[in-house]
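See below for the structure under consideration.
Read the figures in this text as sums done on the coordinates, not as results from a lab. Only a predicted model underlies this, so the values are computations on that prediction, with no experimental measurement involved. With ideal geometry, Cβ positions are generated from the backbone for all residues, glycine too; neighbour counts draw on all protein chains shown.
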Amino acid sequence: MMRMANLTLIYGMRLLPEGEVTEIQDATLKLANGHDAHVTMHVIDGSREQIEKQLRQSLDAFFDFYPEI
């Protein structure tokens, strides 16, 4: 199996009262090569248990996109 380089995972979290957020925009990253990259922001509403469950499922699904890592 081919060894992959170390990676960087970008993420952020903040809890606010449901209904408080009116707009979400992508986060912009500045890359070492001078280019910009974008990170799509995601929203999960619900109880703590619902949020934790969905977050775990989303994380699993994210890594399913990259079976090579």
So how far apart, in nm, are the two label points at LYS30 and GLU52 if each is 7 Å from Cα heading toward Cβ? 3.8 nm
Evaluate the relative contact order of the chain (contact order divided by residue number), counting alpha-carbon pairs under 8 angstrom at least 6 apart; express in whole percent. 19 percent
Extension gain ASP64-TYR11, at 0.36 nm per residue separation less the Cα-Cα distance, in nm? 17.4 nm
Could you give the angle, 0 to 90 degrees to the nearest 10, between helix 48-64's Cα long axis and the longest principal axis of the Cα atoms of the chain? 20 degrees
Can you order the peptides 31-44, 52-65 by their average number of other Cβ atoms within 10 Å per residue, highest first? 52-65, 31-44
To two decimal places, what compactness ratio does the chain give when its Cα radius of gyration is scaled by 2.2 N^0.38 Å? 1.40
